[in-house]
Each structure stands twice: as structure tokens, then as C-alpha cells.
Amino acid sequence: MRPRFVHLAIRALSTAFAASLLLAAVLDVQMAGGQQPTPIVPSTDRQQSMLHELTDVQTQSGIKVDSREQAAYDAFFRVGPEQLDKKIQMGNEFLQKYPKSILAEAVDAGLVTAYFDKQDWKNFYATADNALALKPDDVDILTTVGWVIPHFFNPNDPDADKRLDKAETFEKHAIQVLEKMPKPNYLSVAQFAALKAQKSIQAHSALGLVYFRREDYDNSAKELQQATQNNASPDQTDLFVLGASLLNVDRPAEAADAFDRCSQIAGGLQDRCKQNAATAKKQAAQSKSK
């Protein structure tokens, strides 16, 4: 399920434009309509995949799920995103009634998506922790939580550094899991390859923003290049931050290319990217003339 965001916030405390009279600038950008994390299973197949998961869990564990428990599980995943409160209520009722269920992690994962859609961050993080305690290799949750942390980030939070560490750990683990993940029976080889590629892009995108928050611009640029290269639909935010990171490591020509790509995407950063592309091109020309 593709979550809906209203705003994403990126703040860099000191963005230095190398080879320029402008030594530092503060970025405070509000963006609407940014690209959001997507699950390993597309929304149109999510319900069916969860029913497949129920069958797979029963087969692998040898445990037969009670018919009432299975009915509650099926009903929870049939509730659409337009009924978030109902879905959250049904999910919590399932976990209260069947706390030891072999399907509890799948319900937790569904609740994570619902809390994400509702932007209820307290319950989002708590439920994600519950799900990962039951299934540490859940790629959807690892990449989604790791992506949310650097986007919805408060540098004044006393746990800010710990949150960034958590995001980094989650995304690196997700990349490792993706490398070894077996193909589910209900996905074709092409579908699975495409979805793995998309999850990898999201993981590198998140890592790029984590490093940007830490002012580690070299690693930020490396990660965001992996997220945007050979990507037909790059995230505008990723391109903007990639350009800023490249400027900070004195690579204005490459920064200009990133800002140019960013400026071709309709969105809240389009005008800013056009301005920064012109600035970066000027700096690149000045560097060549020296």
C-alpha cells in the first residue's frame, strides 16, 4: 500500500557552497507530494498476498489456524485504506484476542501501514517494533521505518542521533535481506525483481538522507546516486539533497546535473532546483577558469 504524505521536511544546519563567496546556507524546505515507500507487494495484490501468507505460515509451521482466527485475519486485511479507524480497531482487537497467533506479525505489519497512513507516529513506531520483534527480516517495515525517520526528523529531539542510528541500521539490514530473499510463489520473476529493485532504491534513499542529516555529505551523495541513477522516476527530494551534498564536496558540475533533473519534476522543489542548478553551473564554470 502506498502511504500518503502531506509534507516532508529537510533541514541542513550548514550547507557550504564550495568555490563560492557563499560559504554556508541553511536549507529549510517544505515539500508536498514526495515519493513514499512502497511495500514489497503492490497494493492491488496486498490482500491476496496476505491470504497466501496465511497458507504459507500454516504449511511451514504445521499449525492449523482456528477458523474464527482465520476469519478475523481475513476481515482485517479486507478493510481498505479509506477506513483507517476501523482497520486499526480490528487489528488491535485481533492482537488482543489472539496474542500468541502465528499471524500476529502480519497483523502488526498491516497496522504499521494504517498508522503510517494516519500519520500516527507514536503508534507507528511502537507497532513496527512489535512486528520486528516477531519477524526481524520484514523488509517492508525495515525500509519504511528507516525512510520515515530522516524525513520526519526533529534535530532538537534528545533522541535525534539514536533515531538516525536506528534508521541506518534498519536500511542496511534491509539491503542484506533483499540480497538473499527468496521469491514468493505468488510473484513472477519479473515482478519480484522489480519490487526488490524498488525496495533497494528506497533503502539507499533513506541512507542518503540519514547521512545528509549528519552532514556526512560524501556518503550522502554516494547513497543518493544509487537511489537516482538508472531510475526512471527518481524522487525529487532525493535529487535536491543529492545536489546539495555534491556542492558540499566541491563537485558543482555533478550537482548541476542533479538539480537539473530535479527541476524537471513538478513539485514543491522545482523552482528551488532551477535556481540551484544555475548557481552550481556558475560555480563549475568558475572552477574551470582557475
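The values are calculated or read from the model by the stated rules, or taken from the named source; none is laboratory data. Since the structure is predicted, the reported quantities are computational estimates derived from the model, not experimental observations. We place every Cβ from the backbone using ideal geometry, glycine too, and count neighbours over all the protein chains shown.
Scanning the stretch 105-138 for residues that are in contact (Cβ under 8 Å) with a residue 40 or more places away in the chain and either in contact with a helix residue (DSSP H, G or I) (Cβ under 8 Å, 6 or more places away or on another chain) or closer than 26 Å to Val177 by Cβ (or both) yields Ala106, Gly110, Thr113, Phe116, Asp117, Asp137. Just one residue in the set Ala244, Ala253, Ala284 is under 17 Å from Asp218 (Cα atoms), more than 27 Å from the chain's Cα centre (by Cα) and part of a helix (DSSP H, G or I); that residue is Ala253.
In the stretch 89-104, the residues that are without any contact (Cβ under 8 Å) to a residue 60 or more places away in the chain and at negative phi reach residues that are exposed (fewer than 15 other Cβ atoms within 10 Å of the Cβ) and not aliphatic (A, V, I, L, M) with C-beta atoms within less than 6 angstrom, at least six apart or across chains, in these pairs: Ile102/Ser61. Taking the stretch 244-276 as the range and being buried (at least 21 other Cβ atoms within 10 Å of the Cβ) and among the aliphatic types (A, V, I, L, M) as the test, the residues that pass are Ala244, Leu246, Leu247, Ala255, Ala256, Ala258, Leu269. Look at the stretch 251-279: where a residue is assigned by TED's automatic domain parsing to the domain that holds Asp238 and among the hydroxyl-bearing types (Ser, Thr, Tyr) and a partner is modelled with pLDDT of 95 or more and surrounded by 20 or more Cβ atoms within 10 Å (Cβ to Cβ), sitting 6+ places away or on another chain with Cβ atoms under 8 Å, you get Ser263/Ala277.
For the stretch 205-220, the tally of residues that are in contact with a Leu (Cβ under 9 Å, 6 or more places away or on another chain), surrounded by fewer than 21 Cβ atoms within 10 Å (Cβ to Cβ) and either basic (Lys, Arg) or in a helix (DSSP H, G or I) (or both) stands at 2. Can you tell me which residue in the stretch 221-238 is surrounded by the fewest Cβ atoms within 10 Å (Cβ to Cβ), limited to those that are among the aliphatic types (A, V, I, L, M) and either in contact with a strand residue (DSSP E or B) (Cβ under 7 Å, 6 or more places away or on another chain) or at pLDDT 95 or above (or both)? Here the residue is Ala227. Hey, could you check the stretch 110-162 for residues that are touching a Pro at 6+ places or on another chain (Cβ under 8 Å) and in the same structural domain as Asp74 (by TED's automatic domain parsing) and say which is surrounded by the most Cβ atoms within 10 Å (Cβ to Cβ)? Step by step, filter the stretch 110-162, then rank; the result is Ala114.
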